[in-house]
Each structure stands twice: as C-alpha cells, then as structure tokens.
Amino acid sequence: MGDKLNDYNKKRDFRKTKEPQGKSGKRDGKLRFVVHHHAAQNDHFDFRLEWEGVMPSWVIPKGPSFDPGDKRLAIKVEDHPLDYRNFEGTIPEDEYGGGTVMIWDEGTWQPQDDAAAGSGIKEGELKFTLEGERLTGKWVLIKMHGKASNGGKNWLLIKEKDKHAKADADLSGYRTSVRTGRTMKEISEESPKGS
Ligand code: MN
C-alpha cells in the first residue's frame, strides 16, 4: 500500500513543507473527494478522488466546468495521501508545487459501477457522481488516446447532462475555501506553523 505514495514522498521535503507525509489511510464510510485551487506558478485546480486508501489525482489547468459541452484537460499525477484532503496552506516557493493551496470543494463521490471503478481509474474511464458543495451530479473522467494522450497522462473531465449541469462554466464566483471561508490572499497571509 505504501508504495503507491513513493512518488508523492520523493517529490517533497517534509522538513520544509507543511503538506502531510504520505501514508495510506483507511476508508471511513463514503468515499471522499477534494478539489484544491492551487496558486502555483501556473494557477490550476487539483482533483482528488479517494480510492483504496489514497487519492488518485489530476491537475485541471482550467478547473472543472459545469457545462457538458466543455471538456476540461485533466493531467494524471502522483497519488496523494488521504490526509491531503485536509491540507490548506502555503507550500514554500522553492519547494515542489510552491504556492498557496485552497480547499475549493469537498464532499463524497460514488462510482457509477463499484466493481469497475478500480480498473476504470487504471485504464482511463470512470463515471461517477459527486456530492460536493459546488460540484454535484454526474461526471466522467476519460483518458485521451493517440498523440493527445501525452503518454497516458492526459485525461478529460466532463460534466454529464443532468439537472446539475449549467451552461455557464464561469468559476470566478467561487473565490473562497469551502472549508474555512478564506480567500487565497487570506490563506497566504496565515502565519507559518510547524517546523
Ligand atoms: Mn497542484
């Protein structure tokens, strides 16, 4: 189980960042998800779904869209620890992923087909439902094919048509943390804690 987080641990110096060390966790009821807004060198969103004690993760450069007509690039990255869903704060500038991280959305998720979810995450097709504060309803994550796949890293996150879909994909109204209500600026001004 711990092997899944080797890449995560290798990329980070835990003497310098307040991000949690990579240990796999235990499922506690429903499966969790978190979306981080990450003001790194390139502003982006990170989409993380709990699965088998870790959080498979995708970087979404433009963020999710409520519009089923928008296919949002989602780049698969290293699995993150389950504890990461509680991380909100600033990663030092010189460290991996340096910048401020906000808990932009969180809640629970459910695969459309439980038995197929594991292979879907591996092979590149996952249909699921989100019950978050901002993201709700049916979604699909699908791996791109051919040259566009970038060695299998490039997926698309697409909202499926349902009553939660919206034609307006503008995310600019969502500027605060769903966990703490803080803006990016307020999080970045928090006094450094820990070592
Ligand atoms: Mn990130």
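Here, each number is a calculation from the coordinates, and none is a lab measurement. Given the structure is predicted, the values throughout are model-derived calculations rather than measurements. All Cβ positions, glycine included, derive from the backbone under ideal geometry; neighbour counts span all protein chains shown.
Things to note:
- GNM top mover of Arg85, Arg48, Arg12 - the chain, alpha-carbon springs below 10 Å: Arg12
- Given their separation in residues at 0.36 nm each and the Cα-Cα distance between them, Lys62 and Asp28 gain 9.2 nm when the chain is fully extended.
- Most fluctuating residue given options Asp43, Asp28, Asp79, as computed from a GNM of the chain linking Cα atoms under 10 Å: Asp28
- Neighbour counting of Cβ atoms within 10 Å sorts the residues Phe128, Phe47, Phe33, Phe14, fewest neighbours leading, into Phe14, Phe128, Phe33, Phe47.
- In segment 1-93, Cα pairs under 8 Å separated by at least six residues give a relative contact order of 30 percent.
- Listed residues Leu171, Leu49, Leu156, most fluctuating in the chain (Gaussian network, C-alpha, under 10 Å): Leu171
- Using the Cβ-Cβ distance between Asp43 and Asp3 with R0 set to 22 Å, the FRET efficiency from 1/(1 + (r/R0)^6) comes to roughly 0.10.
- Whole-Hz Karplus values for segment 169-186 come out as 9, 5, 9, 5, x, 9, 10, 10, 6, 6, 8, 10, x, 7, 7, 4, 5, 5 Hz, taken residue by residue from phi with 6.51 cos²θ - 1.76 cosθ + 1.60 and θ = phi - 60°; glycine and proline positions read x.
- Overall form of segment 123-162 per C-alpha gyration tensor (a/c, 1.5; a/b vs b/c): prolate
- Taking amide H as placed 1.01 Å from N in the peptide plane, the amide H of His80 sits under 5 Å from that of Met55, Ser57, each at least 5 places away or on another chain.
- Residues Met102, Met144 arranged by fewest to most Cβ contacts within 10 Å: Met144, Met102
- Residue among Val178, Tyr96, Gly69 farthest towards the positive dipole end of segment 49-195, charges placed on Cβ: Gly69
- Net charge dipole, segment 1-154: roughly 300 debye, given to the nearest 20, about the Cα centre with Cβ charges of +1 for Lys and Arg and -1 for Asp and Glu.
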